[in-house]
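Student: Input: one structure, supplied below.
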Amino acid sequence: MATPSPTILPPNESGIARAAKALRDGGVVAFGTETVYGLGADAGNPQAVSAVFALKQRPAKNPLICHVDGLDMAKTIARVDDHAEGLIRHFWPGPLTLILPYSGGDAVTHTARAGLGTVAIRAPAHPVARALITAVGRPVVAPSANKSGRLSPTSAMMVAEALGQDVPLILGGGRCDIGLESTVLDLTNQPPTILRPGAIMAEDLAAFCPDVQGFQDQSEPNAPASPGLLLRHYAPRLPLRIEVREGPLAADEAFIGFGPNPFPPKGGHSRHSLSPTGDLDEAAQALFGLLKTVEDSGAARIAVAPIPDTGIGLAINDRLRRAAAASQLDSGGQDT
Ligand code: TXA
Ligand code: MG
């Protein structure tokens, strides 16, 4: 018997209205943003928030991001000082998540915050996501719409495949422009620290945050500052090795290249490219979808070419390192 699939709502007025009503009524709805697809729920509804944790199989100690439609809504849940407001005015809407002190009240449940006195907030730039949050009228939690520890989805189809009928509604938003999760900047400690690299980089933030601490890989899985930044995150199902410059490739190994580099001339299971022209933005956008394609291709392992560690390449390499570490830990990339 075929498994029932989720309904993909069109990104128009009626689709947005239906998705907003479902969220206001306590339902769970996946929606597209410019970074990755999120699994949305009313941040103040305990049952809806619990449903998100259950659906994602997310550990209770890993808090959820709240999505708002702008500064005013952010101020209803967090203490936004002048410094934070300056960042918000410049970078929102966009792929910057700020960790701020929670201002109390019930608008974000204790469970959604994993009991912390801080809250992660961002205003997505995707017009459909923004219209959805405005129509809901209150903050919407939306962690990436994948099972915990697996690849974040960058299209409605990837969400449907990752979560199946467990998520009855997906508000389509097309393919995500950026393709990697937002930059997470913690403003609750000095100096302000990047906990997760993304499309907004330390160089971009420096004008507003001269003492910003750039992302430092926390390979200590037991005590990460951001609970979601466990080393074994972002795992494809297949073992993956990185910075592969030369052969030989195993017969069952798929190669993911970058740029005009002709390696490997032959061999391996199949060859793919994140960007034949060596464009890092294109590579970021393609990354999760391509890993999924390779997972489904019949290859048994993945080799990835070196990616320059500049610009958004930092974020790409962060996700790839985690994927490689996950496959070493369980030598098979099991779900976590
Ligand atoms: O681009 C994105 O941020 C996407 C889209 C859907 O907006 N969402 C996303 O959510 O990536 P999620 O839950 O997969 O990642 C949020 C990260 C996690 O690493 C989580 O641990 C961290 O933010 N986080 C949430 N609340 C936090 C807090 N109060 N303090 C520190 N880190 C926090
Ligand atoms: Mg995630």
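Student: If we scan the stretch 227-249, do we find a residue that is at pLDDT below 95, within 10 Å of ligand 1 (Cβ to nearest atom) and either among the small types (G, A, S) or surrounded by fewer than 18 Cβ atoms within 10 Å (Cβ to Cβ) (or both)?
Tutor: Yes, some residue in the stretch 227-249 is at pLDDT below 95, within 10 Å of ligand 1 (Cβ to nearest atom) and either among the small types (G, A, S) or surrounded by fewer than 18 Cβ atoms within 10 Å (Cβ to Cβ) (or both).
Student: For the list (1) within 13 Å of the chain's Cα centre (by Cα); (2) surrounded by fewer than 22 Cβ atoms within 10 Å (Cβ to Cβ), I need the number of the one condition that T188 fails.
Tutor: (1)
Student: Then there's this: Would you call A305 buried (at least 18 other Cβ atoms within 10 Å of the Cβ) and either more than 19 Å from the chain's Cα centre (by Cα) or more than 19 Å from V36 (Cα to Cα) (or both)?
Tutor: Criteria met by A305.
Student: Looking at (1) free of Cβ contacts under 8 Å to residues at least 40 places away in the same chain; (2) on the phi < 0 side of the Ramachandran plot; (3) not in a helix (DSSP H, G or I), can you tell me which one N146 breaks?
Tutor: The single condition N146 does not satisfy is (1).
Student: Having 1 or more residues that are surrounded by fewer than 19 Cβ atoms within 10 Å (Cβ to Cβ) and over 21 Å from the mean Cα position of the chain (by Cα) is the bar; report the strands (runs of 3 or more DSSP E) wholly within the stretch 22-125 that clear it.
Tutor: Here the list reads 96-101.
Student: Return the residue satisfying two criteria in turn: it lies in the stretch 161-180 and is within 13 Å of ligand 1 (Cβ to nearest atom) and assigned to a loop (DSSP other than H, G, I, E, B), and of such residues it is surrounded by the fewest Cβ atoms within 10 Å (Cβ to Cβ).
Tutor: D177
Student: Another question, if that's okay. Search the stretch 280-302 for residues being touching a residue at least 40 places away in the same chain (Cβ under 8 Å) and among the β-branched types (V, I, T), and hand back the single one that is surrounded by the fewest Cβ atoms within 10 Å (Cβ to Cβ).
Tutor: Filtering first and then ranking leaves V294.
Student: So, of the residues in the stretch 132-154 that are of a type outside the set (V, I, T), buried (at least 21 other Cβ atoms within 10 Å of the Cβ) and farther than 17 Å from T97 by Cα, which turns out to be modelled with the lowest pLDDT?
Tutor: Only one residue tops the list, namely G149.
The values are calculated or read from the model by the stated rules, or taken from the named source; none is laboratory data. Only a predicted model underlies this, so the values are computations on that prediction, with no experimental measurement involved. Glycine also receives a Cβ, built like all others from the backbone with ideal geometry; neighbour counts cover every protein chain displayed.
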